[in-house]
Amino acid sequence: MTRQHHPRAHPHPAHPPRHRLPRWQRRVLYGSGVPLLLTGLVWLAVHYSVGAGAGELPHPLEAWCLRLHGLAAMGALFVLGALAAAHMPQGWRLSRRWQLLRQQRTGVALCGLAALLVLSGYLLYYFAPEDLRPALGGLHAAAGVAMAALVLWHRRGSDPAGIAAS
Ligand code: HEM
Ligand code: HEM
């Protein structure tokens, strides 16, 4: 059923209000997410082509990728905490009120993927036995790539038609 809008009869806006992140949170989110993705993918490429994963000596780039990866991971954890305090509870209420089902489902999936990334990242750093490491690393990287794609799908478009349709 489509919603009927009578702007004069109803004080409510015709479209759901935007749920923008504060600019600093958006900057830290993308400013940590993009380097995480890049350093993770470059590490995979180097490790399995010319590095330790191909039976060679570890390539110097491998260590540098993980150093930068760890730095970006700290920023990502920080911004996830900020999102958990405001964006997630507000987004939950907004998505229920306005039936933003796509944002609701992808939002919950994003939370699950973030938890999986943090847990598998922790295991990779502190516990991974050598025989489990490649599988755990693969799972971790797959969750990372999925999360990056899902953030794009989770956002609404900036055109008014896209807003109305999503
Ligand atoms: C790790 C978890 C999450 C991340 C990284 C995330 C990220 C984002 C981003 C980047 C935007 C676009 C806002 C902007 O461009 O300023 C957005 C919008 C939104 N999010 Fe989330 N979100 C997460 C979890 C959730 C959850 C759990 C909900 C609740 C169901 C939710 C509901 C929404 C809604 C309703 C919008 C509005 C879309 C719009 O107005 O464009 N998000 N989110
Ligand atoms: C919140 C996001 C993330 C966190 C907290 C995180 C954390 C970590 C940590 C702690 C490690 C172990 C580093 C080490 O052994 O020195 C790691 C390794 C790795 N991460 Fe992430 N990461 C995240 C996102 C990503 C993303 C988006 C990708 C995408 C490709 C990715 C790919 C990798 C890869 C390939 C490794 C190396 C795996 C291995 O040693 O076998 N990570 N990550």
Can you run down the residue pairs with Cβ atoms below 6 Å, 6 or more apart or on separate chains, where the first is in the stretch 14-29 and under 30 Å from LEU71 (Cα atoms) and without any contact (Cβ under 8 Å) to a residue 60 or more places away in the chain and the partner is part of a helix (DSSP H, G or I) and among the acidic types (Asp, Glu)?
none
What are the residue pairs meeting all of these: first residue in the stretch 44-70, first residue farther than 17 Å from ARG133 by Cα, second residue small (Gly, Ala, Ser) and not in a helix (DSSP H, G or I), Cβ atoms under 6 Å, and 6 or more apart or on different chains?
HIS59/GLY51
Go through (1) touching a Gly at 6+ places or on another chain (Cβ under 8 Å); (2) within 14 Å of ligand 1 (Cβ to nearest atom); (3) under 22 Å from ARG27 (Cβ atoms) and name the single condition HIS69 misses.
(2)
Test of understanding: among LEU150, LEU117, which residue is part of a helix (DSSP H, G or I) and either in contact with a Ser or Thr (Cβ under 9 Å, 6 or more places away or on another chain) or farther than 14 Å from GLY40 by Cβ (or both)?
LEU150
Selection count where residues are under 17 Å from GLY137 (Cβ atoms) and either over 23 Å from the mean Cα position of the chain (by Cα) or of a type in the set (D, E, K, R) (or both), scope the stretch 57-73:
6
Of the residues that make up the stretch 72-82, is at least one away from ligand 2 (no atom under 12 Å from the Cβ) and in a helix (DSSP H, G or I)?
yes
ALA76: closer than 19 Å to TRP153 by Cβ, touching a residue at least 40 places away in the same chain (Cβ under 8 Å), surrounded by fewer than 16 Cβ atoms within 10 Å (Cβ to Cβ) and within 12 Å of the chain's Cα centre (by Cα), yes or no?
no
Residues being farther than 21 Å from VAL79 by Cα and either more than 10 Å from ligand 2 (Cβ to nearest atom) or touching a residue at least 24 places away in the same chain (Cβ under 8 Å) (or both) - total across the stretch 96-129
9
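Kindly indicate which of ARG23, ARG102 is loosely packed, with under 13 Cβ neighbours inside 10 Å and not acidic (Asp, Glu).
On inspection, the qualifying residue turns out to be ARG23.
Just so you know, all these numbers are worked out from the coordinates, no wet-lab data involved. Everything numeric here is computed off the predicted structure, so don't read it as measured data. Using ideal geometry, Cβ is built from the backbone for each residue, glycine included, and neighbour counts are taken over all protein chains shown.
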